[in-house]
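Reviewing the structure listed below.
The values are calculated or read from the model by the stated rules, or taken from the named source; none is laboratory data. Computed from a predicted model, the values in this text were never measured in an experiment. Backbone-built Cβ (ideal geometry, glycine too); neighbour counts: all protein chains shown. Side chains are part of the model used for accessible areas, which takes the heavy atoms of the whole protein and leaves out ligands, DNA and RNA. Shrake-Rupley method; radii C 1.70, N 1.55, O 1.52, S 1.80 Å.
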Amino acid sequence: MSNVITTSIENINKEKALEYLEKNIHNRKPTPANIDFLISEINNERFVLNGQAISFDTNGNLIDGQHRLIAISKTYRDWE
């Protein structure tokens, strides 16, 4: 097995966020206050590329980014 890490930058719309959230099987319970804060950041156009990754394990399971993806899925803004 290789330890190769791959990265990409992509715009994630509501549909893609929901697709990625289907792979969320091992994360902690989401925090509503954190999600509300991120929704506010998105709606006020302060949600910008900052180096935080949405990460998946080698099996394709989501391991980091669930709060950001939930917030994206709950907004009406299309980021494509």
Efficiency of FRET from Cβ geometry, residue 18 and residue 48, R₀ 35 Å, rounded to 0.05: 0.95
Label of the coordinate-derived value, percent of Cα pairs over 14 Å apart, listed as (i) 63; (ii) 74; (iii) 59: (i)
Fraction of accessible area attributable to carbon and sulfur, the chain (%, probe 1.4 Å): 50 percent
Dipole in debye (nearest 20) - the chain, about Cα centre, beta carbon charges: Lys, Arg +1; Asp, Glu -1: 240 debye
Probe 1.4 Å, protein heavy atoms only - accessible area per residue of the chain in square angstrom: 75 Å²
Relative contact order computed over segment 3-80 (Cα-Cα under 8 Å; 6+ residues apart), in percent: 49 percent
5 angstrom amide H check on residue 56, placed H, neighbours 5+ away: 63
For the chain, with +1 on Lys and Arg beta carbons and -1 on Asp and Glu, the positive-most of 48, 4, 63 along the dipole: 63
